[in-house]
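Just below is one structure, and these are the notes that go with it.
The values are calculated or read from the model by the stated rules, or taken from the named source; none is laboratory data. Only a predicted model underlies this, so the values are computations on that prediction, with no experimental measurement involved. Here Cβ is always computed from backbone atoms with ideal geometry, including for glycine, and neighbour counts include all displayed protein chains. SASA here: full protein model, heavy atoms, side chains in, ligands and nucleic acids out. Shrake-Rupley method; radii C 1.70, N 1.55, O 1.52, S 1.80 Å.
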Amino acid sequence: MSTPLAVLDAAAVRAWFEHALRSLLLVRRQVDRLNVFPVPDADTGTNLVLTLAGAAKAVGELDPAADLATLTRAAADGALLGARGNSGVIVGQCLQALAETFVGVDEASPALLAGALTAADEQARAAVVHAVEGTILSVARAAAGAARAAADGDLAATVAAASRAARDA
């Protein structure tokens, strides 16, 4: 059983990138099979792995003492450099929004996290000419909405709500 997240700082985000990449590697082929938009090219899982690998590589090259703003900026830049396909570009845009939100911040509160996820949703949608529901855009919107609804609680509850909503979407 994992310990609830008490602080969203650089160490927590670094651990998230490592966990996200490992988890995505486990389900890459399943996500590839789900891929039907904009064309059924069966590569979304692979594209997301390559995108997150770019982010994880950039984060891994940082000093372990790097702050939250530095870490999220490096992750966003690494993701955009590694981005493949529409899904990779969209995730890169989401990470750019997080990095912009966390400038000058050492720890994110539940309200700031909700704001960052909302900015990620908005920036991702702005990067797409024709937003289509049932895609990663729906996942970003669901996570942001759930985080906003839970932001008056503690960080663990906010993260859990956003995570559940993203998974359900």
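Have a look at Val91, Val31, Val27 and point out the one that is in contact (Cβ under 8 Å) with a residue 24 or more places away in the chain and either out of contact with any Gly (no Cβ under 9 Å at 6 or more places or on another chain) or among the hydrophobic types (A, V, I, L, M, F, W, C) (or both). Result of the check over Val91, Val31, Val27: Val91.
For segment 111-136, filtering for residues that are under 21 Å from Ala169 (Cα atoms) and either touching an Asp or Glu at 6+ places or on another chain (Cβ under 9 Å) or among the hydroxyl-bearing types (Ser, Thr, Tyr) (or both) leaves 5. What residue, of Val128, Val132, is of a type in the set (A, V, I, L, M), touching a residue at least 40 places away in the same chain (Cβ under 8 Å) and under 22 Å from Ala55 (Cβ atoms)? The unique qualifying residue is Val128. Considering Ala116, Ala111, Ala124, the condition of being open to solvent by 50 Å² or more (accessible area, probe 1.4 Å), closer than 14 Å to Ala144 by Cβ and touching a helix residue (DSSP H, G or I) at 6+ places or on another chain (Cβ under 9 Å) is satisfied by Ala111 alone.
Filtering segment 77-95 to residues that are open to solvent by 30 Å² or more (accessible area, probe 1.4 Å) and either part of a loop (DSSP other than H, G, I, E, B) or under 20 Å from Trp16 (Cα atoms) (or both) leaves Asp77, Leu80, Leu81, Arg84, Val89, Gln93. So if I check each of Ala56, Ala42, which one is surrounded by 18 or more Cβ atoms within 10 Å (Cβ to Cβ) and touching a helix residue (DSSP H, G or I) at 6+ places or on another chain (Cβ under 6 Å)? Going through Ala56, Ala42 in turn, just one is surrounded by 18 or more Cβ atoms within 10 Å (Cβ to Cβ) and touching a helix residue (DSSP H, G or I) at 6+ places or on another chain (Cβ under 6 Å): Ala56.
Hey, does segment 38-46 have a residue that's within 14 Å of Ala124 (Cα to Cα), over 14 Å from the mean Cα position of the chain (by Cα) and outside any loop (DSSP other than H, G, I, E, B)? Looking through segment 38-46, none of the residues is within 14 Å of Ala124 (Cα to Cα), over 14 Å from the mean Cα position of the chain (by Cα) and outside any loop (DSSP other than H, G, I, E, B).
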